[in-house]
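Engineer: Here you go, one structure.
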Amino acid sequence: MQRVPEEWREAGRPDGGKHSAASVKRGEAEHLPLRNGTAVSDGGMEGAEAKGEKGGAAGEETLMMELSRLVQRSVKESSWWERRGVDCSILAGALLCLPPAFLLLGSSQPLCFTAGLLLMGAAHGALTIKGAHLASHGSLSGSQAGADFWASFFIEICSSFPARAGVHGHIKMHHAHTNIIGLGDSSVWKVPCLPRSVYLFLAPLGLPVITPLVALGELRNHSVFYALRTVLYISLGFYSQYWLLLNVSGFQSPFGALMCMMVCRAMFSLPYIHVNVFQPCPQRLTVFFPWPFQHIGLPMFSAKQRPKRIFQMTHGVLNLPRNPLLDLVFGHSLISCHVEHHLFPFLSDHMCLKIKPIVSSYLKAKKLPYQEDRYLSRLRIIFDRYQELMVFAPPITQLVGFQ
């Protein structure tokens, strides 16, 4: 098989593909094509691509630049409601679902109690998955102060995980080095001692307990002040739910309240793992930002021969079909618009859905892959090839040129 053609490669890698501080910073810049409708860090991304262009006319527009221009035009023509309002409304709705959920959990009627349990589980899922993911990308606010506030609220208070650790793993590693062996592969998620059925269908139910324990381990590398602040926020999230279950829902025993909390927090843990666990988060066991089915089993690349961004994302990412429940709880960017999300990670879920026709038609017109598959199909692939994909190292793919 041929090696990655020169025009497909990242140009000028002085580190030889090694994971140095410079390469991480470079990766951070490369994955930020759009923010708030304005091109960001195009010099870092497109400059490397332009240098690698051989045989083309001087100043020829690269594929990523051309696609970014089309998307940027759509973003600029969109209202605030489309850019942020829709997703903010969904998250506000999730918060507004909590008071009736607590009241329903206090009912002695089984049907009402079950409705309260489902309502709280769905609301918690939306806040900790969709909300935390959007907050990690700064998609909920146009200001840095607002982005920091929402990151602390959704990631630390709601999701019980340090915001800095989560953002580092998701933004600076996963998005910057998607499907790059040693930087953005799935090795950290492997638990070879667990059978596939346990790993896929039972172990995820322990996430509500495992996550805060892992969070404490993450705080070792931070200052005492930040660690204490983060522990305070995580404790606030846990205790506020516990207190409301005792004093509003009327639970008579602390054990019953804790069990109710665990059930609500674990309600979406199975689809969360199925959409989250099969893509890497280097240097940590679990964070609240998905790296999904949409990567595992797809091409993995060597850091020394990484392709250009647009080829890396179109070959290493795929979309799942739309699903009303998962669209609300997880967000379009994690389900049906994951390709769009990896190409333009600072766009909100609704904007990813809006630019989906633009991206899909452009990639198909340029003879680039636009990969889509069904949820159960991806689950079957992981289940059948569990040893190959989740126990042993994924193979490095060497892309060949267009035929």
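None of the figures in this text is laboratory data; all of them are computed from the coordinates on show. Keep in mind that what you see is a predicted model, and the values were worked out from it rather than measured. Cβ: placed from backbone, ideal geometry, glycine included. Neighbour counts: every protein chain shown.
Engineer: Test of understanding: express the Cα radius of gyration of the stretch 344-387 as a ratio to 2.2 N^0.38 Å, with N the residue count.
Structural biologist: 1.55
Engineer: Still on this structure: For a Förster distance of 56 Å, can you work out the FRET efficiency between the beta-carbons of Phe113 and Trp81, rounded to the nearest 0.05?
Structural biologist: 0.95
Engineer: Also, I was wondering about something else. Which whole-number value in Å³ per residue fits the convex hull of the alpha carbons of the stretch 107-160?
Structural biologist: Cα-based convex hull of the stretch 107-160, divided per residue, equals 74 Å³.
Engineer: Please sort 164-173, 245-254 by packing, taking for each peptide the average over its residues of neighbouring beta carbons within 10 angstrom, highest first.
Structural biologist: 164-173, 245-254
Engineer: Taking 0.36 nm per intervening residue step and subtracting the Cα-Cα distance, what contour gain separates Arg196 from Asn323 on full extension?
Structural biologist: Contour length minus the Cα-Cα distance gives 43.2 nm.
Engineer: Sorted by mean Cβ packing within 10 Å, highest first, what order do the peptides 340-352, 83-95, 375-387 take?
Structural biologist: With the highest mean Cβ count within 10 Å placed first, the list reads 340-352, 83-95, 375-387.
Engineer: Measuring from the lowest to the highest alpha carbon on each principal axis, how far does the stretch 210-258 reach, largest first, in angstroms?
Structural biologist: Taking the Cα atoms of the stretch 210-258, the three principal extents are 40, 19, 10 Å.
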